[in-house]
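What follows is calculated from the coordinates using simple rules that are stated; it is not laboratory data. Here the structure is a predicted model, which means the values were calculated and not measured. Please note: Cβ atoms are built from the backbone with ideal geometry, for glycine as well, and neighbour counts cover all protein chains shown.
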Amino acid sequence: MNKKWLIVIGLVVVAMSVIYYLYFTKPVSFLNEQQIMDEINALNDRIKVEKIEAIIKLDDEHYFVPFIRKNGQLGMSYYRWAKAKWRVVYFGYNGLAKMWQLDKNAPETKYVVWHYPKDEVDYMKLYLMKDRYYSVTGEDSYYEPKTQLVEKIGVGENYGVFKISEDFSSVIQALEVPRNNPTSFFDMFNSYESYYLGLNFFKDGEESHLRGSGSNSYWTDYAEVKIDDLWYVGESQLE
């Protein structure tokens, strides 16, 4: 074997080793509070994180970290294991609550994450909503019933995570089937109104009317995740 082939083989081995290290290395212990603060403050020096409220594990490769800024504003940061390192993928403040889906193709991996002021909320209600729809084309008619699911979450916790229930995820999967795998003309064109996930906050059994004030958020280069806002759903919208 000549020298040229030895070099080629050596480069292939090195490349394979790098790929294995970056994409197959298992997660190590998560960051400590000081490392988290240093990283977020380095990414955006205007954030000025002063305190970490908690470090919450969602699974082996994802963590949620609520924090407090120096000016007292509440923030949230999202971490995932990527390329052999813990990476902050998204962070922001004044957002109150978000929906974080760890796997874009798996609705059962949806989590509600939140961080709101203490003593302003006793609990939240999570809603899965889809309006009814009816249409007629020639002699054919099409009807979609209203979908409305509700679940009480976050009792007594001003920050935390909640994995959506099997009831929610199974209904979401059923609603997404016609859209992702249309079997008829109506599946393709009549399912115009997609479902949405919403939230409301309650204090002493009544709507608290808590709203975010100028939410600011920042994505990083490792944001291969799905993080969505949650719609406000008032009691007047329910049946």
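When the stretch 83-108 is filtered for residues that are more than 16 Å from the chain's Cα centre (by Cα), assigned to a strand (DSSP E or B) and surrounded by fewer than 19 Cβ atoms within 10 Å (Cβ to Cβ), only K85 remains. Could you tell me whether any residue of the stretch 134-146 is charged (D, E, K, R), touching a Ser or Thr at 6+ places or on another chain (Cβ under 8 Å) and over 27 Å from S208 (Cβ atoms)? Yes: one or more hits. Taking the stretch 113-135 as the range and being surrounded by fewer than 14 Cβ atoms within 10 Å (Cβ to Cβ), acidic (D, E) and out of contact with any strand residue (DSSP E or B) (no Cβ under 8 Å at 6 or more places or on another chain) as the test, only D119 passes.
Among the residues of the stretch 57-76, the ones that are under 15 Å from A97 (Cα atoms) and touching a Pro at 6+ places or on another chain (Cβ under 8 Å) come to 3 in all.
Residues that are loosely packed, with under 15 Cβ neighbours inside 10 Å and in contact (Cβ under 8 Å) with a residue 24 or more places away in the chain within the stretch 55-76 comprise K57, D59, D60, E61, listed in sequence order. Among the residues of the stretch 114-122, none qualifies, meaning not one is of a type in the set (A, V, I, L, M) and in a strand (DSSP E or B).
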